[in-house]
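J.: Following this message is one structure expressed as structure tokens.
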Amino acid sequence: MSRVPHLFEVPNDTDGVPCKGPTCQKTVFWIRTKEKKWLAIDCYAGAGCRPPTLLSPGYGVAHWGTCADAEYFRRKSAPAKS
């Protein structure tokens with residue numbers, strides 16, 4: 001059974017910017033979540049995804065799931081204390 005990805009709404013007229021990963025360079029759209037945190041959205045990831053336009057919102061998935069450079073951005077955990 002495959003899992004259906006959660007689609008996030010991207011407000012209309014949101015500008016896309018290139019991912020800052022060294023090799024990814026996909027266009028992402030930054031949104032604020034309900035928790036007031038920033039989240040990069042990939043509106044070109046497949047079914048149900050579409051970029052925003054001047055008049056209508058877009059829909060996409062969290063970019064961390066589609067980014068070729070996800071490991072580059074992953075926070076390193078602190079070493080265990082002995």
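A short reminder: the numbers here are calculations on the coordinates, not readings from a lab. Since the structure is predicted, the reported quantities are computational estimates derived from the model, not experimental observations. Glycine gets a Cβ as well: all are built from the backbone with ideal geometry, and neighbour counts include every protein chain shown.
J.: Quick check for the chain: number of Lys pairs with alpha-carbon distance under 25 Å, counting only pairs 8 or more apart or on different chains?
T.: 10
J.: Related question: Using label points projected 7 Å from each Cα along Cα→Cβ, tell me how many nm separate LEU55 and GLU35, to one decimal.
T.: Output for this residue pair reads 3.7 nm.
J.: Then there's this: On the Cα set of the chain, report Rg and Dmax in Å, please.
T.: For the chain, the Cα-based Rg and Dmax read 14.6, 57 Å.
J.: Only Cα pairs under 8 Å and at least 6 apart count here; give the relative contact order of the stretch 8-73 as a rounded whole percent.
T.: 37 percent
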